[in-house]
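The values are calculated or read from the model by the stated rules, or taken from the named source; none is laboratory data. All values derive from a computational prediction rather than experimental measurement. For neighbour counting, all protein chains shown are included, and Cβ atoms are generated from backbone atoms with ideal geometry for every residue, glycine included. To get the accessible areas, we keep the full protein, side chains included, count just its heavy atoms, and leave off ligands, DNA and RNA. Shrake-Rupley method; radii C 1.70, N 1.55, O 1.52, S 1.80 Å.
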Amino acid sequence: MQGVTKRFKVLMVDDDPEDGVLVQKAIASAGHKVDFQVVTNGAEVLDYLFTEGRFTDQSRAPRPNLILLDLNMPGVDGFTVLKQIKSNMDLRRIPVVVLTTSEAETDIVKSYDIGANTFITKPTSFADMIEVMKSLKKYWFDSAQLPVA
């Protein structure tokens, strides 16, 4: 649809608040306006996605078009979250990009086996994070057809 601007909803799951701010700034620098929400642990994202706990009001937990998921979190880890998302009929179509510090081949393989759509090791510099977010934007927001949130 030419002339129609889509507004994308991105949900980031990361226990490091600084990473959330960094990614949000990088997405903004990549030139795309998104509704960006950060939750800080696996239990919180499951409440968000299943509209439980403090997210029972669905207006506080809009369905995301894309999830950025860290693997290494205390309590409920990213693998458990990914399994929950991909085993649920209502959530499984939401693309999940694993965005983590890990470079371990076992984490990469396990993420894809569970159903991750992409695996990205977090860049160490802000400039590199901007480049990664530009690539994500170009693919997920400009090229790929995503289901309606």
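Quick rundown of the values:
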| read-out | value |
| --- | --- |
| The range 49-67, subset modelled with pLDDT under 90 and charged (D, E, K, R), residue nearest to the chain's Cα centre (by Cα) | ARG60 |
| Odd one out for ALA127, checked against (1) of a type in the set (A, V, I, L, M); (2) open to solvent by less than 10 Å² (accessible area, probe 1.4 Å); (3) at pLDDT below 95 | (2) |
| Residue list for the range 95-148, filter: of a type in the set (A, V, I, L, M), within 14 Å of LEU66 (Cβ to Cβ) and in contact with a Phe, Trp or Tyr (Cβ under 8 Å, 6 or more places away or on another chain) | VAL97, VAL98, LEU146 |
| The range 52-108, residues that are charged (D, E, K, R), touching an Asp or Glu at 6+ places or on another chain (Cβ under 7 Å) and within 20 Å of SER135 (Cβ to Cβ) | ASP70 |
| Number of the exception - ILE120 against (1) in contact (Cβ under 8 Å) with a residue 40 or more places away in the chain; (2) outside any helix (DSSP H, G or I); (3) in contact with a strand residue (DSSP E or B) (Cβ under 8 Å, 6 or more places away or on another chain) | (1) |
| Unique match (being modelled with pLDDT of 85 or more and either closer than 16 Å to ILE85 by Cα or more than 14 Å from the chain's Cα centre (by Cα) (or both)) among VAL38, VAL45 | VAL45 |
